[in-house]
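Peer 1: Would you mind keeping the following structure in view while I ask a few things?
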Amino acid sequence: MRDPSVSRFSAGRLSPIRRVADLKRLRDEQFDVLVIGGGVTGAGAALDAASRGLKVALVEARDFAAGTSSRSSKLIHGGLRYLEQLELHLVHEALTERGLLTSRIAPHLVRPVPILVPLEKARPPARVWHRAYYGLGVAAYDAFAGVFGTGRGMPLHKHLSSAGTRHMFPSLRPDRVAGAIRYYDGQVDDARLVVNLARTAASLGAAVVTSARVVGFVREAREVVGVRVRDLEAPDEPDFEVRARTVVAATGVWSDDMSQMLSDVGVRPGLRVRASKGVHLVVPRSAITGEAGLILRTPTSVLFVIPWGGHWIIGTTDTDWHLDRSHPAASARDISYLLDQVNQWLDRPLTTDDIEGVYAGLRPLLSGEADSTSKLSREHAVVEPMLGLLLVAGGKYTTYRVMAADVIDRAVRRLGGPARPSRTDQLPLLGADGYSAAWRDRLDTARRHGVTAGVVEHLLERYGTLTVHLLAMIAADPALATPLTGAPEYLAAEVAYAAQAEGALHLDDVLTRRTRISIETPHRGAETARHAAAVMGDALGWDQAVRNREVEHYLARVEAERQSQKMPDDLTADAARIGVPDVRGFAADRAAGLLTELSTTGDL
């Protein structure tokens, strides 16, 4: 639990000094719950456990949200297509969570975004049927949100005529669209939400350490009593043990690896996770003219076109992936597929020249008998393959809190003692408290601190009420008010803050996850790297050699990703991408991925 004499912000500050202190705690203390994995589910589980008064640790092999949780469609949604498939319990669950996030838990990070469901031109009977069918679905979606979605926070849907649709989205082809239905869902910066979850857990006393890879379990007889951890920032030091009464593995597409670590005692996984690759494109806002997002039906699933600040996000694909899980690669085929699908609806077709950024992520789907990943379960499961070890997998980003509560409920029952129900539905994340008042008073804040209203609005939408701390940094060092080279919408202060308070250890952490410069600029952050490394180096005490190494690694990573996106298929794209090692080093993952692919193709 947090020392009452320490402020919530100070207790949740993930500074370099805090990392040293938390590493010492990992070595010296026994925890009630140790969470493996710093994605949205793992960070959510750590927060849930810490909020119940348990002694909690979280370890993450790379960075917060380094995997799936930073590579989503950036939507907090109920799953409109789940409603069509009559999976009403999933819609109910997700809309409830959407309401909590927008109204109470993270209103500074989750906000409404309008989305159009275009209605195709057809003969009058078919046209009437399409509008009635989709209209009923969206109306039911709204009804679910109103009845079940705590603090709905979203405007109601609206039917638009052909003229009204063209007015709202001029880039839609007039020969294809007969009208549309506008509805609302939530939009989120997924990586920033995960960072806030981890920091909020830390503010409640959790020990939180990134670049700490679990390399094995500690067992006594047939019970897991801890893990062996390798500090990847100190590779010359020996591995050390972390003791815990319960270990929770929230490792997404790495879930099967957890059971494999116990294969010597014949442990069966209890669940199997299959990785599905989702690729997204980022194009400038000027490439498409519209005031809302789009949800478009494709032959296999749906395609989203979502406004993202000065950009559009277009995605996603849904294909099996058996290669490097740390850095899934987008191929030329993936990019061509997305362009082909979206161009069927646009009056000015997009080309590869319009693309600013590309990112690929892996969804952890609970494996079944279906051949297509689009048919695999989006539900989650909690299993206990061995006494003392809980695995949680599956689900979707929107319902992370439900997954976290489920697995910690199991942990609490195992630990015994008084029942402590989850209370994260009532717990605002850092930056959420007082957000409405801070937004209302943003002009006064700008005047008091001598910055523009645009700067304050930008910071509020990324940090909420923690904005005051960045403004204080700028007041102490006016150079931090300087926009970053090649990414003028971001300030140098954000890089310094990421290093001093948000646990960023490497340049890639800042350019890819604390900010989105790596996907929002045509140069993919290459023009920003040296400026950001200089600011980060000052914050972390890097010498020139370290600064140069961080920049060189980042530039090599960008070039490798560019090359992979020119490759014709997954195998060649993966080969191009893994030419540059992870800054923290994951050779074992790559070897395992290659062996899996060779055995699948029969080349082994």
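Peer 1: Out of Ala43, Ala49, which single residue is in a helix (DSSP H, G or I), of a type in the set (Gly, Ala, Ser) and under 15 Å from the mean Cα position of the chain (by Cα)?
Peer 2: Ala43
Peer 1: Please go through the range 374-428 and pick out each residue that is in contact with a Gly (Cβ under 7 Å, 6 or more places away or on another chain) and assigned to a helix (DSSP H, G or I).
Peer 2: Listed by number, the residues that qualify are Tyr400, Arg401, Met403, Ala404.
Peer 1: Pairs needed: first member in the range 122-134, among the small types (Gly, Ala, Ser); second member anywhere, surrounded by 10 or more Cβ atoms within 10 Å (Cβ to Cβ) and in a helix (DSSP H, G or I); C-beta distance under 7 Å; at least 6 residues apart or different chains.
Peer 2: Correct list of pairs: Ala122/His130.
Peer 1: Any chance you could count how many residues in the range 525-571 are touching a helix residue (DSSP H, G or I) at 6+ places or on another chain (Cβ under 7 Å), assigned to a helix (DSSP H, G or I) and among the small types (Gly, Ala, Ser)?
Peer 2: Of the residues in the range 525-571, 8 are touching a helix residue (DSSP H, G or I) at 6+ places or on another chain (Cβ under 7 Å), assigned to a helix (DSSP H, G or I) and among the small types (Gly, Ala, Ser).
Peer 1: Please state which of the following conditions Ser162 fails to meet, knowing it meets all the rest: (1) out of contact with any Gly (no Cβ under 9 Å at 6 or more places or on another chain); (2) surrounded by fewer than 17 Cβ atoms within 10 Å (Cβ to Cβ); (3) more than 27 Å from Arg584 (Cα to Cα).
Peer 2: Checking Ser162 against (1) out of contact with any Gly (no Cβ under 9 Å at 6 or more places or on another chain); (2) surrounded by fewer than 17 Cβ atoms within 10 Å (Cβ to Cβ); (3) more than 27 Å from Arg584 (Cα to Cα), the one that fails is (1).
Peer 1: Since Arg176 meets every condition but one in (1) of a type in the set (Lys, Arg); (2) surrounded by fewer than 24 Cβ atoms within 10 Å (Cβ to Cβ); (3) more than 21 Å from Tyr134 (Cβ to Cβ), which condition does it not meet?
Peer 2: (3)
Peer 1: If you scan the range 547-570, which residues turn out to be hydrophobic (A, V, I, L, M, F, W, C) and either at pLDDT below 95 or surrounded by fewer than 16 Cβ atoms within 10 Å (Cβ to Cβ) (or both)?
Peer 2: Residue satisfying the conditions is Ala556 alone.
Peer 1: Residue under question is Arg27, and the condition is that it be more than 16 Å from Arg401 (Cα to Cα), assigned to a helix (DSSP H, G or I), of a type in the set (D, E, K, R) and out of contact with any helix residue (DSSP H, G or I) (no Cβ under 8 Å at 6 or more places or on another chain); does it hold?
Peer 2: yes
Peer 1: What about Gly226, is it in a loop (DSSP other than H, G, I, E, B), closer than 30 Å to Leu262 by Cβ and either touching a residue at least 12 places away in the same chain (Cβ under 8 Å) or open to solvent by 10 Å² or more (accessible area, probe 1.4 Å) (or both)?
Peer 2: Taking the combined requirement at face value, the residue does not satisfy it.
So that you can scan it fast, the table gives a plain yes or no per residue for (1) open to solvent by less than 10 Å² (accessible area, probe 1.4 Å); (2) in contact (Cβ under 8 Å) with a residue 60 or more places away in the chain:
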| site | (1), (2) |
| --- | --- |
| Gly205 | no, yes |
| Arg230 | no, no |
| Asp236 | no, no |
| Thr251 | no, yes |
| Lys277 | yes, yes |
| Val283 | yes, yes |
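Peer 1: Mind listing just one residue for me: the one in the range 68-95 that is part of a loop (DSSP other than H, G, I, E, B) and open to solvent by less than 20 Å² (accessible area, probe 1.4 Å) and, of those, farthest from Val110 (Cα to Cα)?
Peer 2: Gly79
Okay, residues lined up against (1) touching a residue at least 60 places away in the same chain (Cβ under 8 Å); (2) of a type outside the set (Lys, Arg); (3) over 21 Å from Ala106 (Cα atoms); (4) open to solvent by 10 Å² or more (accessible area, probe 1.4 Å):
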| residue | (1), (2), (3), (4) |
| --- | --- |
| Tyr435 | yes, yes, no, yes |
| Gly450 | no, yes, yes, yes |
| Gly464 | yes, yes, no, no |
| Ala481 | no, yes, yes, yes |
| Pro522 | yes, yes, yes, yes |
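Peer 1: What do you reckon, is Val195 under 23 Å from Gly388 (Cβ atoms), of a type in the set (A, V, I, L, M) and either open to solvent by 10 Å² or more (accessible area, probe 1.4 Å) or in contact with a strand residue (DSSP E or B) (Cβ under 7 Å, 6 or more places away or on another chain) (or both)?
Peer 2: no
Peer 1: Okay, moving on. Is there a residue being free of Cβ contacts under 8 Å to residues at least 24 places away in the same chain and basic (Lys, Arg) anywhere in the range 12-24?
Peer 2: The answer is yes; a qualifying residue exists.
Peer 1: Follow-up. Is it the case, given these coordinates, that Ala65 is part of a loop (DSSP other than H, G, I, E, B), in contact (Cβ under 8 Å) with a residue 12 or more places away in the chain and aliphatic (A, V, I, L, M)?
Peer 2: So Ala65 passes the test.
Peer 1: Here is a further query. Are any of the residues in the range 492-507 within 17 Å of Gly309 (Cα to Cα), open to solvent by less than 20 Å² (accessible area, probe 1.4 Å) and among the hydrophobic types (A, V, I, L, M, F, W, C)?
Peer 2: No.
Peer 1: On to the next question. Of all residues in the range 55-67, how many are open to solvent by 10 Å² or more (accessible area, probe 1.4 Å) and of a type in the set (A, V, I, L, M)?
Peer 2: Residues meeting the conditions: 1.
The values are calculated or read from the model by the stated rules, or taken from the named source; none is laboratory data. Worth saying up front: this structure is predicted, and the values here are computed from it rather than measured. FYI the Cβ positions are ideal-geometry reconstructions off the backbone, even for glycines, and counts take in every protein chain you see. We work out accessible area using only protein heavy atoms, side chains counted, and drop any ligands, DNA or RNA first. Shrake-Rupley method; radii C 1.70, N 1.55, O 1.52, S 1.80 Å.
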